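The values are calculated or read from the model by the stated rules, or taken from the named source; none is laboratory data. All values derive from a computational prediction rather than experimental measurement. Cβ coordinates were reconstructed from backbone atoms using ideal geometry, including for glycine residues, and neighbour counts include every protein chain displayed. Calculation scope for accessible area: heavy atoms of the full protein, side chains included, ligands and nucleic acids excluded. Shrake-Rupley method; radii C 1.70, N 1.55, O 1.52, S 1.80 Å.
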Amino acid sequence: MMKIKHLLILAFLTLSFPMAAQQLFTLEDLNFGGNNYRNLQPKNMWHTWWGDELIRTDIEDCYIVDKKTGKEKLLFTLDDINKWAKSDEEANRYVRHLMNATFPYPDQPLVALGNKKSFLLLNFKTHEIVWQDSLSGQTANDWNKISRATAYVEDNQLFVVDGKGVKKQLTTDGSREIVYGQSVHRNEFGINKGTFWSPDGQRLAFYRMDQSMVQDYPQVDIFPREATHEPDKYPMAGMTSHKVTVGVYDIATDKSIYLKAGDPTDRYFTNIAWSPDSKTIYMFELNRDQNDCRLISYNATTGERIAELYREASDKYVEPLNPIQFLPWDNEKFVMQSQRDGYNHLYLYNKEGKLLKQLTCGPWVVQEVLGFNPKQKSIIFEANKYHPLHRQIYSVNVSSGKITQLTESDGVHHGTLSASGNYVIDRHSAPTQPRNISVVNISGGSTAGKATRLLTAEDPWKDYQQPIFECGSIKAADGVTDLYYRMVKPHDFDATKKYPTVIYVYGGPHAHNVEAGWHWYSRTWETYMAQKGYVLFILDNRGSEHRGRDFEQATFRQLGQIEMQDQMKGVEYLRTQPYVDMNRLGIHGWSFGGFMTISLMLNYPEVFKVGVAGGPVIDWKWYEVMYGERYMDTPQTNPEGYEKTSLINKAGNLKGKLQIITGYNDNTVVPQHCLSFLDACIKAGTQPDFFAYPGEEHNMRGHASVHLHERITQYFEDYLK
């Protein structure tokens, strides 16, 4: 049974803490780049699976965990590993820690580890190295546990070393312009790598991206005595894009072929998958408009096109993010994810492309498929079926369609499935609970459904003066849709006082700011600001993620417009709160949030007194092809939309204090955005402030992030408070 009733979070649910201790936070405590940040994170544990055996990995030890009791037994130590491996620290053949240890074979006592010189498999019962390579440190390493072959990129060329150590060079024309074996399409469509081993490990599918025709963006490295040119291939919306093809290398024949997918011009290839018998490759293909998506099968030996198995079209866009997955107990059937009915759900197909059934349905979203339980013939997945802000783990029986909830406590659950699918590691947090870790038995039998708690983390902030965290909902500008917000208030909040208030905003696709995790998913900078006497307000508008297709696509061809309408509903709500000083209303966001910050300040100049915009998009015609054209179409086909959403012609509207911050070498939202806006402000006679971080890209790394957030804070202190 749920511990908290469904409707409670629709009202204010306030978290307040005892006032015994009065330590104050610094950014060194709260920011991820801070010197004390690690000490103020909830206690954690790291686990992995050895088949169905649960292993806890630590820096110097690995333990086997009893899944019924949670008791641990030492498996081996770091000293053991280096002794058995005959490590040589001076030669860099020394394992530094065990945090990344994996156990790839459920029925063999082998641990996979790496040092700076090699990757090795070590038998921890016989204390012998049973296999190793010498490829550690290469780019895009991709190891297959069946054949023990490794694919990697070196000096722009793609190589494969087979399980016996024989090295083969697959390409010769690799360069900055011809990219092999790495992610393509700028990591859109769920792409995060560029090599894909067949199940038997004998064939390797790989990307080849020709970006020689793509315009260079002129990034500059200012740190040498004479600054150097470091161009970045950056295809902007409406301009010439790269061409991608998919090759297949066969270890047995030592030959490569390419899938005969036709002319790759203005097409996207994504979500590559293999058939269980390693003979067929499946790939989603989209047109450049991204409104026509097809699942195509190919012969992995010849590259010949076999069949079109599925097609999905839209008057807006289709966005495939996940490859198909074959049922482990039935090689004739696969599961596909799609938003075709308005929400991301699971569909069962046979390999000829016939729809057999829809496995999940309803006004909720399947967020991740964890895997399968062949014994029960079920699929294990995470979803927000219970409530949009909550994430639970479920199973669905493929035959009956019955959905079973596997986790109980309210909040956010993330799972890692064992090899058999009989157990899941459940990592959970809730608004008042920093972290719980449990192992859940999801198989049949007398212990089915039982969870064994492995960790209940105490509040690491218990000795600090903490703010008040609240969550609630308002209606969107359409008057119908529920939008969820978080509010963070000073620890000594007094409703009879007036407080300067800052809206933190993102608002764009594939992101959200509010969920039922610890502190309602609050960013630690909000705590820092509340400590300084501010109220923080954070609202997830239409266009953000995990609320279904129509919620996300409401912003199509007019980015920022619907989002602003919803954010202004948040402003209307703040106006009804007597403790909000509407004469001291600020706004801050980064990336899409930077775009939203400036958009709101220029479109509602009388409302916002101070804003800080980081890495902001200024005009979508300067953003990259895949993302930009998905949501805006091209500047040629949607000139009105690009004109309406551009901030260049609105520069004269600026009235409040606005600070713009960017990474000087931002390769996501290139500096052209900020600099062009500054030029427009000069011409319009308005006076924004500007700060750049040399050498930094889209987000500040390391301790520079502490400096960044102190700068953001100080701007509000100087001009809002």
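Overview of values
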item: Of the criteria (1) under 25 Å from residue 317 (Cα atoms); (2) among the hydroxyl-bearing types (Ser, Thr, Tyr); (3) surrounded by fewer than 19 Cβ atoms within 10 Å (Cβ to Cβ), which one residue 234 fails; result: (3)
item: Filter result for the condition that a residue is out of contact with any helix residue (DSSP H, G or I) (no Cβ under 8 Å at 6 or more places or on another chain) and polar (S, T, N, Q), over 686, 634, 645, 713; result: 634
item: Test result for residue 307, at pLDDT 95 or above, assigned to a strand (DSSP E or B) and surrounded by fewer than 19 Cβ atoms within 10 Å (Cβ to Cβ); result: yes
item: Whichever residue in the stretch 466-509 is outside any strand (DSSP E or B), open to solvent by 10 Å² or more (accessible area, probe 1.4 Å) and touching a Lys or Arg at 6+ places or on another chain (Cβ under 7 Å) and, among such residues, is farthest from residue 532 (Cα to Cα); result: 481
item: Failed item in (1) over 28 Å from the mean Cα position of the chain (by Cα); (2) at pLDDT 95 or above; (3) assigned to a loop (DSSP other than H, G, I, E, B), with residue 164 passing the rest; result: (2)
item: Scan of the stretch 176-196 for residues that are open to solvent by 20 Å² or more (accessible area, probe 1.4 Å) and under 17 Å from the mean Cα position of the chain (by Cα), ordered by number; result: 183, 186, 187, 188, 190, 192, 193
item: Condition met for residue 600 (buried (at least 23 other Cβ atoms within 10 Å of the Cβ), in contact (Cβ under 8 Å) with a residue 60 or more places away in the chain, over 27 Å from the mean Cα position of the chain (by Cα) and under 22 Å from residue 719 (Cα atoms)); result: no
item: Selection count, the stretch 167-194, where residues are touching a residue at least 12 places away in the same chain (Cβ under 8 Å) and closer than 20 Å to residue 324 by Cα; result: 9
item: Residue identified as in contact with a Phe, Trp or Tyr (Cβ under 8 Å, 6 or more places away or on another chain) and more than 20 Å from residue 607 (Cβ to Cβ) among 548, 586, 570; result: 548
item: Any strands (runs of 3 or more DSSP E) falling wholly within the stretch 585-700 and containing at least 1 residues that are over 30 Å from residue 315 (Cα atoms) and among the hydroxyl-bearing types (Ser, Thr, Tyr); result: 657-663, 689-693
item: Single residue of the stretch 669-709 satisfying the filter (of a type in the set (Asp, Glu) and surrounded by 16 or more Cβ atoms within 10 Å (Cβ to Cβ)) that is farthest from residue 619 (Cα to Cα); result: 696
item: Cβ-Cβ under 8 Å pairs, at least 6 apart or on other chains, the stretch 552-569 side under 13 Å from residue 505 (Cβ atoms), far side open to solvent by 30 Å² or more (accessible area, probe 1.4 Å) and part of a helix (DSSP H, G or I); result: 564/603
item: Residue within the stretch 402-411 that is touching a Leu at 6+ places or on another chain (Cβ under 8 Å) and in contact (Cβ under 8 Å) with a residue 24 or more places away in the chain present; result: no
item: Residue within the stretch 61-68 that is open to solvent by less than 50 Å² (accessible area, probe 1.4 Å), in a strand (DSSP E or B) and within 19 Å of residue 441 (Cβ to Cβ) present; result: yes
item: In the stretch 155-167, the residues that are farther than 17 Å from residue 258 by Cβ and either surrounded by 15 or more Cβ atoms within 10 Å (Cβ to Cβ) or among the aromatic types (Phe, Trp, Tyr) (or both); result: 156, 159, 161, 162, 163
item: Filter pass, residue 210 being under 27 Å from the mean Cα position of the chain (by Cα) and either of a type in the set (D, E, K, R) or crowded, with 21+ Cβ neighbours inside 10 Å (or both); result: yes
item: Wholly within the stretch 323-413, strands (runs of 3 or more DSSP E) carrying at least 3 residues that are open to solvent by 10 Å² or more (accessible area, probe 1.4 Å) and over 22 Å from residue 191 (Cβ atoms); result: 330-338, 355-358, 403-405
item: Among residues of the stretch 118-153, those that are closer than 27 Å to residue 74 by Cα, touching a strand residue (DSSP E or B) at 6+ places or on another chain (Cβ under 6 Å) and of a type outside the set (Gly, Ala, Ser), counted; result: 9
item: Among the residues listed as 547, 523, 542, 557, the single one being basic (Lys, Arg) and touching a Ser or Thr at 6+ places or on another chain (Cβ under 7 Å); result: 542
item: So residue 512, is it open to solvent by 10 Å² or more (accessible area, probe 1.4 Å), in contact (Cβ under 8 Å) with a residue 12 or more places away in the chain and either under 22 Å from residue 387 (Cα atoms) or not in a helix (DSSP H, G or I) (or both); result: yes
item: Matching residues, the stretch 95-154, being small (Gly, Ala, Ser) and open to solvent by 60 Å² or more (accessible area, probe 1.4 Å); result: 134, 137
item: Any chance residue 221 is open to solvent by 20 Å² or more (accessible area, probe 1.4 Å) and either in contact with a Cys (Cβ under 6 Å, 6 or more places away or on another chain) or within 30 Å of residue 695 (Cβ to Cβ) (or both); result: yes
item: Strands (runs of 3 or more DSSP E) wholly inside the stretch 245-294 that include at least 1 residues being open to solvent by less than 20 Å² (accessible area, probe 1.4 Å) and modelled with pLDDT of 95 or more; result: 267-274, 280-287
item: Residue within the stretch 62-72 that is aliphatic (A, V, I, L, M) and modelled with pLDDT of 95 or more present; result: yes
item: Every residue from the stretch 523-577 that is over 27 Å from residue 289 (Cα atoms), of a type in the set (Val, Ile, Thr) and not in a helix (DSSP H, G or I); result: 535, 538, 576
item: Residue in the stretch 436-450 that is open to solvent by less than 20 Å² (accessible area, probe 1.4 Å), part of a strand (DSSP E or B), in contact with a helix residue (DSSP H, G or I) (Cβ under 7 Å, 6 or more places away or on another chain) and at pLDDT 95 or above present; result: no
item: Those residues of the stretch 73-92 which are closer than 24 Å to residue 143 by Cα and either within 33 Å of the chain's Cα centre (by Cα) or in a loop (DSSP other than H, G, I, E, B) (or both), in sequence order; result: 78, 85, 86, 87, 91, 92
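Yes or no, residue by residue, for (1) within 25 Å of the chain's Cα centre (by Cα); (2) open to solvent by less than 40 Å² (accessible area, probe 1.4 Å):
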position: 568; (1), (2): no, yes
position: 572; (1), (2): no, no
position: 589; (1), (2): yes, yes
position: 606; (1), (2): no, no
